[in-house]
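Contents: one structure, followed by commentary.
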Amino acid sequence: MMQDSAKKISIMSTGIPAPHSRSVIPFGTVLSCLLLFFVLIVPGCTKEHRVSFQGYVEGEYLRVSSPFAGQLVSLAVSRGMRVARGDPLFSLDQTYEAAALSEAEQGLLRAENRLADLAKGLRPTELAAIKAKRAQAQAAYNLSRIEFARRQTLLRQNVIAREALDRTRTNMERNAAALAQLDAELQTARLGARVDEIKAARADVRAAREHVHQARWRLEEKSQAA
């Protein structure tokens, strides 16, 4: 006992410090700190910082209708549906408007055909008919001239009265007038229509096209889209 006490006293008297004991941190505490780091720090570095506000947006209501009355034949939407631009909404009966458009298109076709006929003159068959009438008028005029000359001879011979000669002269003049009229018709047919007639026909075509445009618009307005 005395020796052990002496050793302890000698150690303490040398001035050499005794070694410190090490402190051990529990593993559960370390794991909790790591989890807290990833939960609080890492999300703040990866996600965007968003700012939100409270409020409301007022919608703009649009009432869709047709400018013309009619019977509803189809309804493509219902209350609360979402529609895109161009989607059909409803259609009204288009029977009258379709018939009006067809009639307007036929009127335009007639006006265009008339303008084309005036611009190119008469057809060859029509020219041939005028030429045939002129030939008949020419033959009648020639015959009336011969008859008038014969009646003049008979009048000089006192065989007939002057009234007979006058009737022959009237017939000859009538045939001459008919021949001149056919000559004018033939010349006009070869030249085509007059400038004022062609101008009027072009105005008719423009009016017919506008009529078609209005009829088509009325037909399209019977069907509404978004």
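The values are calculated or read from the model by the stated rules, or taken from the named source; none is laboratory data. Here the structure is a predicted model, which is why all the values come from computation and not from measurement. FYI the Cβ positions are ideal-geometry reconstructions off the backbone, even for glycines, and counts take in every protein chain you see.
Working carefully through the options A226, A180, find the one that is touching a strand residue (DSSP E or B) at 6+ places or on another chain (Cβ under 9 Å) and not polar (S, T, N, Q).
That would be A226, the only listed residue that is touching a strand residue (DSSP E or B) at 6+ places or on another chain (Cβ under 9 Å) and not polar (S, T, N, Q).
R209 passes every criterion in (1) basic (K, R); (2) modelled with pLDDT of 90 or more; (3) within 17 Å of R134 (Cα to Cα) apart from (3). I'd like to know if the stretch 69-78 contains one or more residues that are at pLDDT below 65, farther than 17 Å from E221 by Cα and either of a type in the set (S, T, Y) or assigned to a loop (DSSP other than H, G, I, E, B) (or both). No - not one qualifying residue is present in the stretch 69-78. Can you spot a residue in the stretch 164-176 that is at pLDDT below 90 and surrounded by fewer than 14 Cβ atoms within 10 Å (Cβ to Cβ)? Scanning the stretch 164-176, I find at least one residue that is at pLDDT below 90 and surrounded by fewer than 14 Cβ atoms within 10 Å (Cβ to Cβ), so the answer is yes. Contact map, the stretch 53-65: first residue under 27 Å from V77 (Cα atoms), second residue modelled with pLDDT of 80 or more, Cβ cut-off under 7 Å, separation 6 or more or different chains; pairs are V64/L89; V64/Q224.
Once the stretch 99-116 is narrowed to residues that are aliphatic (A, V, I, L, M) and under 20 Å from the mean Cα position of the chain (by Cα), the residue that is farthest from R202 (Cα to Cα) is A99. Inside the stretch 177-219, residues that are under 30 Å from D87 (Cβ atoms) and surrounded by 14 or more Cβ atoms within 10 Å (Cβ to Cβ) make up a count of 5.
Within the stretch 97-122, residues that are closer than 14 Å to R194 by Cβ and buried (at least 16 other Cβ atoms within 10 Å of the Cβ) have Cβ atoms under 9 Å from residues that are among the β-branched types (V, I, T) and modelled with pLDDT under 95 in these pairs: L115/I198; L118/I198; L122/I130; L122/T188, counting only partners at least 6 apart in sequence or on another chain.
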